[in-house]
Amino acid sequence: MTTPLVRFAPSPTGHLHVGNMRTALVNYLFARKQGGRFMLRIDDTDDERSTPEFEASIRHDLQWMGMDWDLEDRQSSRIDRYRAALDQLVAAGRAYKCFETQE
């Protein structure tokens with residue numbers, strides 16, 4: 001059997017709420033019970049709303065709850081991979097660009 005790796009991927013666009021904490025806690029407890037690993041993956045792809053202050057708040061709240069993570073990653077570190085996959089889908093005719101305005 002493989003060792004489980006679970007993640008919690010909050011977006012640093014605001015403070016954690018009880019739903020976030022419940023998800024983090026369930027994943028954390030599952031990983032610990034199964035001898036697995038718990039990953040904190042910051043979903044920092046919203047450039048307009050993500051802030052270092054909210055990221056620090058997320059880390060503080062997890063640590064306050066006694067949840068330490070074994071691994072850490074950032075969603076933004078994978079942007080090149082996502083772009084390459086999107087380019088392949090567009091080239092294969094399986095995705096297309098959207099030209100709608102926000103209005």
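So here's what we get for this one:
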quantity: Residue-wise HN-Hα coupling along the range 16-33, computed from phi with Karplus coefficients 6.51, -1.76, 1.60 (Hz; x: Gly, Pro); calculated: 5, 10, 4, x, 4, 5, 4, 4, 4, 5, 4, 5, 4, 5, 4, 4, 5, 5
quantity: Estimated FRET transfer efficiency when R0 is 22 angstrom, pair Ile79-Thr13 (beta carbons, to 0.05); calculated: 0.80
quantity: Charge sum, other residues only, whose C-beta stays under 14 Å from Val90's C-beta, Lys/Arg counted +1 and Asp/Glu -1; calculated: +2
quantity: Descending semi-axes in Å of the range 57-103, equivalent ellipsoid built from Cα gyration tensor; calculated: 36, 17, 7
quantity: Cα gyration tensor shape for the chain, rounded if a/c is under 1.5, else prolate or oblate; calculated: oblate
quantity: Contact order relative to length of the chain, as percent, for alpha carbon pairs under 8 angstrom and 6 or more apart; calculated: 29
quantity: Efficiency of FRET between Lys97 and Thr51 - r from beta-carbon atoms, R0 35 angstrom, step 0.05; calculated: 0.75
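Read-outs: derived from the displayed coordinates by stated rules, not from any lab. Fair warning: this is a prediction, and the values are worked out from it, not measured in the lab. Note that each Cβ is placed from the backbone with ideal geometry, even for glycine, and that neighbours are counted across all protein chains shown.
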